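Colleague: Attaching a single structure in structure tokens format; questions to follow.
Please treat every number below as a calculation from the coordinates, not as lab data. These numbers come from a predicted model, not from an experiment. Every residue, glycine as well, gets a Cβ built from its backbone with ideal geometry; the counts of neighbours run over all protein chains shown.
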Amino acid sequence: MRMTRVLRFGPALALLLAAGVVNADQPLAGSALDRAVSGRRIYLAIPLGGEFPLNYHADGRVDGQGEAAGLGRIMRPTDSGRWWVSGPKLCQKWTTWYDGKVFCFTLSKISEDKLSWRRDDGLAGLARVGR
């Protein structure tokens, strides 16, 4: 049943942690949110272990590779798109992942290099901030 969900939702579920609410200390918004991701590589924790890297370029481009997480067999392993900050949310639109739909997230800072995220549809997880 769980594998069926992974295949159905593709990269969205690959980015999830096990079910549960993540308690975060500092919600990010506006320029603080922009500074938290702009020019950074964000490593999303995946349920079966490992991380899924996303590169948030300062010019508003985002790209990701799922090959390191072993996702090449069930989805297109790489994609690119655009990201932007809209008030308290980080929004992104991929070329092919998520069928090109816009999804927005709230991010909260847990520590200097750890974030929690919650997508508008309620999916949530953790991420590590790199350079």
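Colleague: Most exposed first by the Cβ proxy, i.e. fewest other Cβ within 10 Å, how do Ile110, Ile46 rank?
Modeller: Ile110, Ile46
Colleague: So what J values fall out for segment 102-113 if you push phi through Karplus, 6.51 cos²θ - 1.76 cosθ + 1.60 with θ = phi - 60°, rounded to Hz, Gly and Pro as x?
Modeller: Going residue by residue, I get 7, 10, 10, 9, 9, 10, 10, 7, 9, 8, 4, 10 Hz, with x marking Gly and Pro.
Colleague: Students often forget the sequence filter, so: which lysines lie under 20 Å Cα-Cα from Lys109 once same-chain residues fewer than 8 apart are removed?
Modeller: Leaving aside lysines fewer than 8 places away in the same chain, those within reach of Lys109 are Lys89.
Colleague: Here is a further query. Given the Cα-Cα distance of Ser38 and Asp121 and 0.36 nm per residue of separation, how much length would full extension add, in nm?
Modeller: 27.5 nm
Colleague: List every residue whose amide H lies under 5 Å from the amide H of Leu28, counting only residues 5 or more places away in sequence or on a different chain, with H placed 1.01 Å from N in the peptide plane.
Modeller: Amide H neighbours of Leu28: Leu107, Ser108, Lys109.
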